[in-house]
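Some notes on the structure that comes next.
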Amino acid sequence: MKDIILKPGTPGRAHLVFGLLAAAALVFFALPLLGLVARVAPGEVWRQLAAPGVQDALWLSLRVSLAAAGLSLVLGLPLAYALARLRFPGRGLARALVLLPMVLPPVVGGAALLAAFGRRGLLGEFVEHGLGVILPYTTAGAVVAATFVAAPFLVLTVEGALRGLDPRHEQAAATLGASRLRIAATIVIPAIRPSLVAGLALCWARALGEFGATITFAGNLQGRTQTMPLAVYEALHDSPEGAIALSLILLVVSLALLAALRGHLTRP
């Protein structure tokens, strides 16, 4: 029997099967989002936006998420560099620790933060009395919780970009007498800028949507720790339509982020 050879680009049964499965996956992801849009009237969205508590939650979410993204950049960029470029004992364990917040249930992450930074935690007394900072049930605590769950997105994205760089450009600059700092500023950072922007944006988006660790570690105090996801959760009990309207607001923000990042997330 002669072997059957499919020419490149020739549609076959496998293409049909994968196409149907891909269509089913798109429907699976699109239906919940369409449900949000179909269930709420535009007037309800504006009415919810005009509510003082919602405005407080929205602005607090922006403040907390931006602060968490900034803190993630300060802590995550050196960590990504160390994981990608430095050889040290326990590097695999360090990478596992970075990955852990991504797979932990968020409530467990909040409980872990309480065990570490709560008033009776491992460092809670030092942070409170030594540094004069109270983290549990404060806005600062919400920032710490958001950073804990969001920073790994930045670290892993930047680490992957650093691993993919051609080291010959850096070696050539070093032979010409450039310092490590100058090489990083003029060669490394510009080369990984698309990945850095994408990782930072994903980190910000994750911080903006953080719920479990925040409510466990920082609580749900209006004006102090009640971010938009927590406001949605609270509204579900009293006003389901209002909760859907608030969810739609977060959906619009997320879509705007993806639109701004097009090209960065798909760039090889």
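The values are calculated or read from the model by the stated rules, or taken from the named source; none is laboratory data. Please read these numbers as outputs of a predicted model, since none were measured by experiment. So basically every Cβ, Gly included, is an ideal-geometry build from the backbone, and we count neighbours across all protein chains shown.
Whether a residue is more than 25 Å from Leu66 (Cβ to Cβ), at pLDDT 85 or above and under 22 Å from the mean Cα position of the chain (by Cα) was assessed, and Ala150 does not pass this test. Out of Ser65, Ser61, Ser72, one residue alone is under 29 Å from Leu156 (Cβ atoms), in contact (Cβ under 8 Å) with a residue 24 or more places away in the chain and in contact with a Cys (Cβ under 7 Å, 6 or more places away or on another chain). It is Ser72. So Ala69 ticks every box in (1) loosely packed, with under 15 Cβ neighbours inside 10 Å; (2) closer than 30 Å to Met228 by Cα but one. Which box is left unticked? Only one criterion is unmet by Ala69, namely (1). Tyr81 meets all of the listed conditions (1) free of Cβ contacts under 8 Å to residues at least 60 places away in the same chain; (2) over 24 Å from Gln222 (Cα atoms); (3) not in a loop (DSSP other than H, G, I, E, B) but one, namely (1).
One residue stands out in region 147-197 among those that are of a type in the set (S, T, N, Q) and closer than 30 Å to Pro105 by Cβ: the one that is surrounded by the fewest Cβ atoms within 10 Å (Cβ to Cβ), namely Ser195. Is it the case that some residue within region 46-67 is of a type in the set (D, E, K, R), more than 23 Å from Ile192 (Cβ to Cβ) and outside any helix (DSSP H, G or I)? Within region 46-67, not a single residue is of a type in the set (D, E, K, R), more than 23 Å from Ile192 (Cβ to Cβ) and outside any helix (DSSP H, G or I). Mind telling me which of the residues Leu200, Leu251 ends up being touching a helix residue (DSSP H, G or I) at 6+ places or on another chain (Cβ under 7 Å) and either within 29 Å of Arg87 (Cα to Cα) or crowded, with 17+ Cβ neighbours inside 10 Å (or both)? Testing whether each residue is touching a helix residue (DSSP H, G or I) at 6+ places or on another chain (Cβ under 7 Å) and either within 29 Å of Arg87 (Cα to Cα) or crowded, with 17+ Cβ neighbours inside 10 Å (or both) leaves just Leu200. What's the total number of residues in region 55-82 that are among the basic types (Lys, Arg) and in contact with a Leu (Cβ under 6 Å, 6 or more places away or on another chain)? Residues that pass the stated criteria total 0. For region 143-172, the set of residues classified as in contact (Cβ under 8 Å) with a residue 24 or more places away in the chain and either farther than 18 Å from Glu210 by Cα or of a type in the set (Lys, Arg) (or both) consists of Leu156, Thr157, Val158, Glu159, Gly160, Ala161, Leu162, Arg163, Leu165, listed by residue number.
Of the residues examined, Ser254 is one that is under 19 Å from Val45 (Cα atoms), small (Gly, Ala, Ser) and under 16 Å from the mean Cα position of the chain (by Cα).
Restricting the first member to region 91-116 and to residues that are at pLDDT below 90, and the second to residues that are outside any helix (DSSP H, G or I) and not charged (D, E, K, R), the beta-carbon pairs closer than 7 Å and six or more apart or on different chains are Pro106/Phe211.
Taken over region 114-132, the criterion of being surrounded by fewer than 17 Cβ atoms within 10 Å (Cβ to Cβ) and of a type in the set (A, V, I, L, M) is satisfied by Ala115, Ala116, Leu122, Leu123, Leu131. Restrict the check to region 152-164 and report whether at least one residue is within 30 Å of Gln48 (Cβ to Cβ) and either of a type outside the set (Ser, Thr, Tyr) or out of contact with any Gly (no Cβ under 6 Å at 6 or more places or on another chain) (or both). Yes: one or more hits.
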